[in-house]
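These notes concern the structure reproduced below.
The values are calculated or read from the model by the stated rules, or taken from the named source; none is laboratory data. Owing to the predicted nature of the structure, the values given are computational and were not obtained by experimental measurement. Methodologically, a virtual Cβ is constructed for each residue, glycine included, from the backbone with ideal geometry; neighbour enumeration extends over all protein chains shown.
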Amino acid sequence: MKLLLFVLLGYLLGSLPFAVIVSRLFGLADPRSFGSGNPGATNVLRTGNKPAAVLTLLGDALKGWAAMIIAGALGGDGTGIAAAGLAAFVGHLFPLFLGFKGGKGVATALGVLTGFSGWLALICAGTWLAAALISRYSSLAALVAAVTAPAAGWALGLSQEALSVLVVMGGLLILRHKDNIKRLLAGTESRLGGKKKGAGSAP
């Protein structure tokens, strides 16, 4: 019964669409209406409003971490805490409040990684940053980090529950980036810092 509660809690937290919430607070266009159409921090950044993008990133990461912390505070064991984190990640991908059409999950995944291990989060964030700086492709950086996470988790000696979540999240991240992979191979993927037409303030 507790496990179901943790999963439901995690999913509802993950469903909070911070990209949309922050964009409305800043008077920006709905992030689903321009660029990649993805309700995430990278697309918010395409408006040129860096504070809004940072707040979106923090909010999306926080919900993954918070789901795990709350599950632990409510007496959850390793399985319950891991399930809450995974549910938050799935909630971001398929949010109840956006008709089950959510973001790619990179920031929320980072929050879940933090819930498992601060070192794991630092390793994967560093991997993402290095790949992004070198390639200027946020999507490619996310794919590299998704592959790195399970290996890093294993090297850090994380539990089987944690490793299972890392593998599932990595697989879902890759699937959510399938269109990005096609554009990367075709050489048409948008680079970081590129402002899309229609990415300004909301009318």
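Table for the structure above
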{"item": "For Tyr137: the one exception among (1) touching a residue at least 24 places away in the same chain (Cβ under 8 Å); (2) within 21 Å of Leu55 (Cβ to Cβ)", "result": "(2)"}
{"item": "Which listed residue is modelled with pLDDT under 95, under 22 Å from Trp65 (Cβ atoms) and either crowded, with 21+ Cβ neighbours inside 10 Å or touching a Cys at 6+ places or on another chain (Cβ under 6 Å) (or both), from Gly102, Gly153", "result": "Gly102"}
{"item": "Flag for Leu74 being surrounded by fewer than 24 Cβ atoms within 10 Å (Cβ to Cβ), in contact (Cβ under 8 Å) with a residue 40 or more places away in the chain and within 12 Å of the chain's Cα centre (by Cα)", "result": "no"}
{"item": "Those residues of the stretch 100-127 which are in contact (Cβ under 8 Å) with a residue 24 or more places away in the chain, of a type outside the set (Lys, Arg) and part of a loop (DSSP other than H, G, I, E, B), in sequence order", "result": "Gly102, Gly103, Gly105, Ser117"}
{"item": "Residue selected from the stretch 78-99 under the condition modelled with pLDDT of 95 or more and not in a helix (DSSP H, G or I), by the criterion farthest from Lys178 (Cα to Cα)", "result": "Pro95"}
{"item": "Residue within the stretch 37-58 that is in contact with a Ser or Thr (Cβ under 7 Å, 6 or more places away or on another chain) and within 14 Å of Leu9 (Cα to Cα) present", "result": "no"}
{"item": "Residue in the stretch 39-46 that is surrounded by fewer than 21 Cβ atoms within 10 Å (Cβ to Cβ), assigned to a helix (DSSP H, G or I) and over 11 Å from the mean Cα position of the chain (by Cα) present", "result": "no"}
{"item": "Answer residue from the stretch 1-28, given it is part of a loop (DSSP other than H, G, I, E, B) and not polar (S, T, N, Q) and is surrounded by the most Cβ atoms within 10 Å (Cβ to Cβ) among those", "result": "Pro17"}
